[in-house]
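What follows draws every value from the coordinates through simple rules; no lab data is involved. In this text the structure is predicted, and so the values were computed from the model without any measurement. Cβ: placed from backbone, ideal geometry, glycine included. Neighbour counts: every protein chain shown.
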Amino acid sequence: MSMRHSDQRPLRQRARKLSRVLVVLAAALVIGCGGEPSDTPPPESASVDTGESAASENAGESTTPAAPAMSASPTPAVPAAGTGIQLPDQAVEIDNPTDAPSTPGQPESGGPTQPGAGGIEMPDLDPAPPSDESAANAGPSDSGVDLQFAAWPAIESRAKSTGKITVVDLWSTVCEPCIKEFPGLVRLSESMSDEVVCIGVSVDYDGRKSRPPEYYSEKVTAFLGAMGADFENYLCNTPSDDVFATVGIPSIPAVLIFDADGKLVKQFVDAGDTVGFSYETHIIPFVEKLAG
């Protein structure tokens with residue numbers, strides 16, 4: 001019995017030693033011997049403390065050397081693939097024109113509306129409208145047409161103060177019936193210039209600030225020149241809808257006839273009892289009768 005008992009003690013001691021060796025080997029493998037990096041980085045001192053404690057507990061036994069401690073690197077860490085955008089090591093300086101002091105009297109640079117600044121140059125969508133008080137003379141065009149800018153009250157006042165029968169034609173370059181009938185006004189002016197004053201009034205301006213009356217000047221003068229309209233011509237700088245409301249007409253074409261005393265005696269509009277009017281059939285005969 002004593003012999004059997006003494007033989008088992010060395011086996012138990014070897015088993016304990018072997019179990020300790022296996023524990024140390026497992027710890028070394030887990031700490032840093034070629035294992036795949038985990039998603040969550042371990043604390044900086046964890047690997048060192050674990051290795052040192054394992055080595056101290058098993059001093060004198062055959063163990064695997066502990067993994068060396070990792071020192072902090074002064075260079076920025078490179079993120080793993082798929083972790084997002086890597087920021088640059090140094091701050092990038094961005095010129096901000098709003099931070100730069102502006103000099104009075106000089107335009108600020110860098111904006112999209114400045115020439116050469118890149119991007120699209122935006123037009124001025126809020127130009128100053130022309131003054132209604134002055135009937136600005138646009139001057140004779142290449143075609144010899146003298147086009148003036150004036151508000152409707154000034155044009156109406158002029159029509160009432162000529163001392164003659166006055167025919168005022170309200171028209172627009174986008175009104176086909178107006179364009180069709182306008183040559184009749186030219187013929188009336190040529191045939192009765194001694195008794196009748198003819199005035200052409202373009203109401204192309206509709207009140208949009210992005211298209212002031214001057215915007216239509218070239219197109220209007222080109223048409224008048226083609227028609228040979230060498231009488232008084234205005235480009236009205238009162239919005240067309242306001243003119244219609246003031247005169248009391250639904251639309252154009254429209255022809256207003258004033259007698260020599262400045263009284264409005266007849267309106268021809270493309271509605272009511274004058275619908276489909278023409279110079280040859282209606283206006284010229286009426287003016288001839290009025291002139292007596």
For Ala254, which sequence-distant residues (separation of 5 or more, or a different chain) have an amide H within less than 5 Å of its own amide H, given hydrogens modelled in the peptide plane?
Leu170
Inverting the mean 1/r over all pairs of different Cα atoms, compute the Kirkwood radius of region 137-291 and quote it in Å.
15.5 Å
Too long at a 25 Å Cα-Cα cut-off: which of Lys180/Lys209; Lys209/Lys263; Lys263/Lys289; Lys209/Lys266; Lys164/Lys289; Lys164/Lys209?
Lys180/Lys209; Lys209/Lys263; Lys209/Lys266; Lys164/Lys209
Residue-by-residue Karplus 3J(HN,Hα) for region 256-269, coefficients 6.51, -1.76, 1.60, Hz, glycine and proline x:
10, 10, 10, 7, 5, 8, x, 8, 6, 9, 7, 10, 10, 10
Electrostatic dipole magnitude of region 137-291 [Cβ: Lys, Arg +1; Asp, Glu -1; Cα centre; debye, to 20]:
260 debye
Could you give me the ³J(HN,Hα) list for region 223-230, computed from phi with Karplus coefficients 6.51, -1.76, 1.60 and θ = phi - 60°, whole Hz, x at Gly and Pro?
5, 4, x, 5, 7, x, 7, 9
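Run the numbers on region 137-291 and let me know its relative contact order in percent, using alpha-carbon pairs under 8 Å that are six or more apart.
Relative CO of region 137-291 lands at 30 percent.
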With θ set to phi - 60°, apply the Karplus curve 6.51 cos²θ - 1.76 cosθ + 1.60 along region 248-255 and write out the HN-Hα couplings as whole Hz, x wherever there is a Gly or Pro.
x, 10, x, 5, 10, x, 8, 10
Taking Lys209, Lys266 and counting other beta carbon atoms within 10 angstrom, the fewest-first order is Lys209, Lys266
